[in-house]
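Report on one structure; see the data block that follows.
The values are calculated or read from the model by the stated rules, or taken from the named source; none is laboratory data. For clarity, every value in this text was computed on a predicted model and none was experimentally measured. For neighbour counting, all protein chains shown are included, and Cβ atoms are generated from backbone atoms with ideal geometry for every residue, glycine included. Keep in mind that these areas ignore ligands, DNA and RNA; they rest on the heavy atoms of the full protein, side chains included. Shrake-Rupley method; radii C 1.70, N 1.55, O 1.52, S 1.80 Å.
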Amino acid sequence: MSAPTAGQPGLAAFVAFLRQRLERRDDEDHVWLPMSLGFGLIASLAFLVAVFHVEGTIQDDARMFLSWMGRWDDPELLKGDLVADYWYSVSPWLYRAVFRAGWLVGIKPLVFVKILPALLFPLIAYFSYRLLRAMRADPLAAFVATVFVLNVMVRDDIVVSGTPRAFWPLLLLVGLDGLARVRVLQVALAQLLMAGVYPQVALVMAGVIGLSALTPWQRPWIDLGRRRLALVVLAAVATVAGIAPFLLRESQFGPVFTLAEARTIPTFLYGRGRVLGADGSADFLCQTRLGIFAGGCKGLLDPRLYLLVVANGLGPVVLLMRTFRPGPASGARSPLPLYLLVSSLICAALSAAVLFKLHLPSRYASGLLLLPWLATLPVLSDWIRSRLSPQTLIERYSGRTLAIGAGIAALAGVLAVSIVKTGNALPADRELIAAIRSLPKDAVVGGFAEDLNFSPVLTGRSTLFNRELSIAYEKGYYQQVHRRMEIIRDLVLTTDASVLADRMRELPVDALVVTKDTLAQARIPVTFRGFFGAELAEMEARASQNEPTLVARLAPGCTMGVYRDTVMLDAHCLVREAAAAP
């Protein structure tokens, strides 16, 4: 089809504009950088609309790290509370500082956690574009890759989680950009902040910084220049300074579980904290929490595994090989993606070798989520553009067809960054949450109920345990939490008054929340069963063979409130009534 004629001035101007944009030019940052920032803002606005659309929601995983922050409003809340103390202790110092700063200017943590991802998206777009340009990707390719990076960020449970892991994509991009440009202070600051909020990726980045001194495409092969040495030394100091607070803290909850111990604990095998197979095997490639590809595949026979290997490995290798080409640069080139891949795999392997002592391998492989878009996509873009010239497009298609095609591409880009995942969670029964919040400040609540996942974060009342906060990692915490679960299990399944009294003496509780199904069928809810072994079914069978459980018989006289799926009982009343029962 012919190009637009002089009688179509609008289309002619558009074709001229499009041709300029599609030509491989290096002076187009004034167009594509603002476009990248614009898409980052679109992602932010879309997230804010989605996250504030339903009142009373909170990002799922953020409940852990916000569980103790109610103390800022009222120091009397959650005094001596095991759950709050533990999650305070494992909240990184920079994460605490950021939320504290928000609180000091009047933004409550439950609101700030919803705003945080929206603040990060434009910065991620900016530094993604900068990094790609520093890697010599042309402006259009940098923009396209940035849109894909934003797409990953809005649909994956990383930035949108509002947890410490929300920060690593931005800080990794800042650090890599500074490294590509040999900006000493930028790299050091990125390392300090990364170490203060997500130390596993900071250690990976430390490896990349060390490897960056290797320059095999030129002589000498090792860069010992003053600027490079200053960068490495200052980054090392910043990394140590950021990690030091973690190393120096006195943890009352350690040590961590060993692999041998984990293989004997139900939650590691099929419960809330599942990281091993039911037979105790460890999948370091594909398992969601453990594997370096974090659920992106289903084992060695899954074709997706090999696609992931190619997507993560091809681009970094090609970009490094291009640095050996003599003459003027043509297309993206950089050793940094390969250094990131190597450092990630080495750190993940070390973590796997001493499993749990250095956390999980998947944390060290976090950067693999970005590699296909920062490395392989620019290589693919160069290959496509080398075979498809703007002039060919313009000669082959009419101005109207090109305009429609450009419009579809723009719409696809907007949709890619605006269809966001919020990770929002909402209590099924807000009346129950309100009732718990109305209890005295020193009240203790416990029970196998899904809505207790929102306590203490939405109630400010001490909660013996809930499914979301019962993470098996450090023995001193999980063993206490699990013992609490065993006590509540015994309370709701026993028919013996002496057992009830004995368990209550071991673990004082003021309000017991029990599901109606548990009262009727003497059965622990499905979502909590993974915390127990085969003995649970046996206990339930014995309880169902006898008359109704003691709690079920005493519930009518000790009820504090009846809600949609649960009943809240006065635990002290249960003890009194059990003692008086014949």
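So here's what we get for this one:
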item	result
Amide H within-cut-off set for A425, under 5 Å, with H built and near neighbours excluded	I58, Q59, D60
Rough spin-label spacing in nm, given labels placed 7 Å along Cα→Cβ, for E547 and K421	5.1 nm
Residues K108 and K441, FRET efficiency given R0 of 30 Å [Cβ-Cβ distance, rounded to 0.05]	0.95
With every protein chain in place, the stretch 58-166: carbon and sulfur % of accessible area (1.4 Å)	62 percent
Beta bridges per DSSP with both ends in the chain, % antiparallel, nearest 5	70 percent
The stretch 358-482 - percent of accessible surface contributed by carbon and sulfur, probe 1.4 Å	62 percent
Solvent-accessible area per residue, Å², over the stretch 428-580 with all protein chains present [probe radius 1.4 Å]	41 Å²
Cα long-axis angle, helix 226-248 against the chain (0 to 90 degrees, to the nearest 10)	10 degrees
Inter-site label distance for S498 and Y270 at 7 Å from Cα along Cβ, in nm	3.5 nm
FRET efficiency estimate (nearest 0.05) - Cβ-Cβ, E55 to A581, R0 51 angstrom	0.70
Amide N of the stretch 123-158 lying under 16 Å from the label point, which is placed 7 angstrom from the Cα of D27 along Cα→Cβ	139-140
Separation of the H572 and L259 label points, Cα + 7 Å toward Cβ, nm	5.1 nm
Helix 29-51 vs. the chain, principal-axis angle (Cα, 0 to 90°, nearest 10)	20 degrees
Potential extension, L350-A244 segment - 0.36 nm per residue separation minus Cα distance	36.1 nm
Accessible-area value, D517, 1.4 Å probe, nucleic acids and ligands omitted, Å²	100 Å²
Potential lengthening between L41 and Q252 on full extension [0.36 nm per residue; Cα-Cα distance subtracted]	71.7 nm
In Hz, Karplus ³J(HN,Hα) per residue of the stretch 74-79 (6.51, -1.76, 1.60; θ = phi - 60°; x = Gly, Pro)	8, x, 7, 6, 6, 5
Three-way shape label, the stretch 511-565, alpha-carbon gyration tensor, a/c 1.5	oblate
Amide proton proximity set for S455, modelled H, under 5 Å, gap of 5+	none
Distance between the stretch 418-491 and the stretch 289-320 - C-alpha centres, whole angstrom	36 Å
Accessible area (Å², per residue) of the stretch 265-373, counting only protein heavy atoms and a probe of 1.4 Å	44 Å²
The chain: Cys lacking any partner C-beta under 4.7 angstrom	C347
Solution diffusion estimate, µm²/s, Stokes-Einstein, the stretch 255-368, Kirkwood Rh from C-alpha pairs, 25 °C, viscosity 0.890 mPa s	157 µm²/s
